[in-house]
1. Among the residues of the stretch 60-114 satisfying the criterion of being hydrophobic (A, V, I, L, M, F, W, C) and part of a loop (DSSP other than H, G, I, E, B), which is surrounded by the most Cβ atoms within 10 Å (Cβ to Cβ)?
2. Out of (1) more than 21 Å from N138 (Cβ to Cβ); (2) at pLDDT below 90, the odd one out for R97 is which?
3. In the stretch 120-147, how many residues are basic (K, R) and loosely packed, with under 11 Cβ neighbours inside 10 Å?
4. State whether one or more residues within the stretch 111-126 are of a type in the set (F, W, Y) and over 24 Å from I33 (Cβ atoms).
5. Among P133, P99, P76, which is more than 24 Å from L36 (Cβ to Cβ) and without any contact (Cβ under 8 Å) to a residue 40 or more places away in the chain?
6. Here's a check for you: in the stretch 1-52, which residue that is charged (D, E, K, R), modelled with pLDDT of 80 or more and in contact with a Leu (Cβ under 9 Å, 6 or more places away or on another chain) is surrounded by the most Cβ atoms within 10 Å (Cβ to Cβ)?
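The values are calculated or read from the model by the stated rules, or taken from the named source; none is laboratory data. Here the structure is a predicted model, which is why all the values come from computation and not from measurement. Please note: Cβ atoms are built from the backbone with ideal geometry, for glycine as well, and neighbour counts cover all protein chains shown.
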Amino acid sequence: MFIGATPYREPVAHALLQGFVQGLSRRQDTCAITTLRTLTNLNVAIHRPLVHKILTQGGFSEPLRYAAATALPHCPGRDSPATWRATLAVATAAWHRDPSGINEGILHAIAYGIGTDGHTQLQAEIRTEPVLPASARNIAAWLLRNHGV
């Protein structure tokens, strides 16, 4: 966080992102998870496209997908409703195949991220969608109430 307040934020973030991509190619999830947290603390958005890739394409571990989902709401920038819908659809399908706590946590984080991006229409849909876990519907409802919707 200290580095995030300095002019070195962007160069450090780019170096970390390069290491992150290399670690992913070697399937070093532990390092990747730590790097995601660090990039988020640096308050940069350069990893946002990679986070979406982790959340929408196969081949990534559940812990890494969870780390990506929880990093996204705190990452600067904003995604379109279409991008969020694609991310939500993939996570929903994963949860239906395996309704584990981690897949539920991923959906909860995605619903939270949709709220932090201010997509109230999509949040309203999540709030009433019976195929989603209660935790995702509840966070959408809570965020809508806090925005007066």
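1. Let us first name the residues in the stretch 60-114 that are hydrophobic (A, V, I, L, M, F, W, C), namely 60, 64, 67-69, 71-72, 75, 82, 84, 86, 88-91, 93-95, 102, 106-107, 109-111, 114.
Imposing the further condition that a residue be part of a loop (DSSP other than H, G, I, E, B) reduces the set to 60, 75.
On the way: F60: 18, C75: 21.
Taking the candidates together, the pick is C75.
2. Evaluating R97 over (1) more than 21 Å from N138 (Cβ to Cβ); (2) at pLDDT below 90 leaves (2) as the failure.
3. First, the residues of the stretch 120-147 that are basic (K, R): 127, 137, 145.
Subsequent filtering for residues that are loosely packed, with under 11 Cβ neighbours inside 10 Å retains 145.
Of the residues in that region, 1 qualify.
4. In the first step, residues of the stretch 111-126 are kept if they are of a type in the set (F, W, Y); the result is 112.
Now drop any that are not over 24 Å from I33 (Cβ atoms), which leaves none.
Within the stretch 111-126, not a single residue is of a type in the set (F, W, Y) and over 24 Å from I33 (Cβ atoms).
5. Details: P133 fails: more than 24 Å from L36 (Cβ to Cβ); P76 fails: more than 24 Å from L36 (Cβ to Cβ).
The unique qualifying residue is P99.
6. Quick first cut of the stretch 1-52, residues charged (D, E, K, R) only: 9-10, 26-27, 29, 37, 48.
When the remaining residues are screened for being modelled with pLDDT of 80 or more, the result is 9-10, 37, 48.
Right, trim to in contact with a Leu (Cβ under 9 Å, 6 or more places away or on another chain) and you get 9-10, 48.
Working: R9: 15, E10: 13, R48: 19.
Taking the candidates together, the pick is R48.
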